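Structure, as C-alpha cells:
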Amino acid sequence: MAEKKTYDLIVIGAGPGGYVAAIKAAQLGMSVACIDKEKELGGTCLRVGCIPSKALLESSELYRETQSSFESHGIKTGKVGLNLEAMLERKDKVVGQLTRGVAGLFKKNGVEPYHGQAKILEAGKVEISAQGKKKETIEAKRILIATGSVSASLPGVELDGDRVGTSTEALSYPEVPKHLVVIGAGYIGLELGSVWKRLGAKVTVLEYLDRILPGMDLEISKEAYKVFRKQGLEFSLKTKVTGVSVKKTKVTIEMEGKDSIDADRVLVAVGRKPNTEGLGLEEVGVALDSRGRVEVDEDFQTNIEGIYAIGDVIRGPMLAHKAEEEGVACVEKMATGYGHVNYDAIPGVAYTHPEIASVGKTEEELKESGVSYKKGIFPFMANGRAQSLGDVEGKVKVLADADTDRILGVHIIGPRAGDLIAEAVAAIEFKASSEDMGRVVHAHPTLAEAFKEACLAAWDRPISF
Ligand code: NAI
C-alpha cells in the first residue's frame, strides 16, 4: 500500500498568496504541501498577470520613448523598429525566471509541491487529480484555500480565446492589432490598452461608468483620463456593451444606444471573480457570500474548522500584495496565535505611464464619512528630479485629518508613483502626521521630495511651489 502522506498544512494554490503562506508556514516549523493545477508555480500574477504585463509595459514604454523622448535628450537614433516576437520572448523569459524562483524557494524551505486539480473531500483531506496520473489523496491538520480569481465574464460576450479574450490573450497577441477594443477602464484595461497603443494599435476603451479607474480618488482619476486621452487612447464612457460577434478576423461590438464598432481584437477587462470551481466547497459545506467569495473570520478560518482561505477568493481588494500579507498573517496565527493585516494601508498601483498609486482614504470617502480633512498638493512640474528626467506630468495629493494632522490618504499620479507610494504606506502604517513626513529629510534631488512637499502643503505650505 502506498505511504499515506500527512502534513501540518496543505495550501491549495501557488500564487502570491499561496506560495508565500506555504513558505512562511514551513519557516515557522510546519510540514507543508502546496498544490497547483498549473505546472509552473506563481499563480496568475507570475504566469499571466502582474509580471508579464509589467514586462510588456516596460518594453513598450521604451519603444515609445525611443520614438518620442530621445530627441529632446539630444539623442539621435535611426529608424526605430519593433520586433514583437522578441519582446514577447523577453516577457516569457522574465516569467520563467520567476516561476523557477518559486520552485527553488519551495525546495529551500522544504515545501512539497504537488501538481494537479485539488478537491477538498472533507476537513483534513484533499484529493489531487492530474491528467494521466492516478488520483492521490493527501491529509493535513489544516487546509488553506488560496485559489485566487478568474476573469469575470460579460453577458452577450463569448470569449473565443483568440479574437475575444481576457488579459491572458492580450499578453501574447501575435501581431499588433489594428484596432483593439478594451471593455472596462480598470487596472487591466488601462495597463494592457497602454501596451498595445504604444506598439501602434488604435485603442478604444469602453467603460460602463462615467469615469475611469472606479474606486480611485476622483481628482487623480480625472487627471489620468486627461493624460491617457492626450496619449491617444480613445474612451467611450457611460457605455454598456450588449454583444460581441466574430466573423473571421473582424469583431463587431454592439452597445446600448450607440452605433456598433468594428475591431480586430477585443479585450474583456470587467473585473475578476473568486475562483472556487471544482474545489468541492459545496459538498464540504464551506459557506460563500452573495458574491461567491469564501467567508472567513478574523483568523481567515471558514465556517468549517481547519479550512482557511486568503487572497482574491475572500473579501477585499484583489491584489497580490494583499493576498501575501493575508497568507503570512494566517499561518502566523496558526503557529503563534498572532497575525496582522492593516487593511487601511494597502496600496493600489496602475503601472501605466504616468503611474497611478494610491493608499488610504480617497477625498470622496472622507467627505462621505464626514471627516474634516486638509489637502496638500504638489505637482511634479516643480520637482527638480522630475524636470531632469523630462517626466513632469502629475502630482502628489496628501489628505490629512484637519484636527490631528494624521495622514489619511495619499494619491499620486506621476513618474514612479508605484515606488513612491511605499513611503506613504509606511507613514499611514505608523500613523504619521503630515508635519512628521514634511520634516523627514529627503535626499535632493529625488522624486520622493514631491511627497515631502505635498505633506508640507497639507500641514502648512510647501517650499518649492
Ligand atoms: P477593475 O475592477 O479594476 O475594472 C473593471 C472595469 O470594468 C471597471 O471600470 C468597471 O466599471 C468596468 N465594467 C464593468 N462591467 C462593464 C461593462 N459591462 N461594460 C463596460 N465596462 C464595464 O477590473 P480589472 O481591470 O479587470 O482588474 C481585475 C482585478 O485585478 C482588479 O481587482 C485589480 O485590482 C486587479 N489588478 C491589479 C493590477 C495592479 O495592481 N496593477 C493590475 C491588473 C489587475
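Quick note: the coordinates plus some simple rules give every number you see, no bench work behind them. From a predicted model like this one, the values you see are computed outputs, not experimental measurements. Don't worry about glycine lacking a Cβ; one is built from the backbone with ideal geometry, like all the others, and counts go over all protein chains shown.
Brief remarks on what is shown
- Seen through its C-alpha gyration tensor, with square-root eigenvalues sorted a ≥ b ≥ c, the chain comes out oblate because a/c lies at 1.5 or above while a/b is not bigger than b/c.
- For the peptides 142-154, 173-185, the ranking by mean Cβ contacts within 10 Å, running from highest to lowest, is 142-154, 173-185.
- Computed over the chain: relative contact order in percent, which uses C-alpha pairs under 8 Å that are six or more apart: 14 percent
- The H on the amide N of Leu121, modeled in the peptide plane, is under 5 Å from the matching H of Val126, Glu127, each at least 5 residues off or on a different chain.
- Antiparallel DSSP beta bridges within region 118-209, percent to nearest 5: 65 percent
- Legend: calculated FRET efficiency, Thr446 to Ser69, from the Cβ-Cβ distance at R0 = 22 Å, rounded to 0.05, equals 0.60.
- With a cut-off of 12 Å between beta carbons, the residues surrounding Gln231 carry a summed charge of +3, where Lys and Arg count +1 and Asp and Glu -1.
- Rounded if a/c under 1.5, otherwise prolate or oblate - region 35-74, Cα gyration tensor axes: prolate
- Region 164-270 shape via C-alpha gyration tensor axes, a/c threshold 1.5: oblate
- Under the Karplus curve 6.51 cos²θ - 1.76 cosθ + 1.60, θ = phi - 60°, whole-Hz ³J(HN,Hα) for region 308-316, x wherever Gly or Pro sits: 10, 8, 9, x, 4, 6, 10, 4, x
- Net length available on complete extension from Ile304 to Leu28 is 97.0 nm, with 0.36 nm assigned per residue and the Cα-Cα distance removed.
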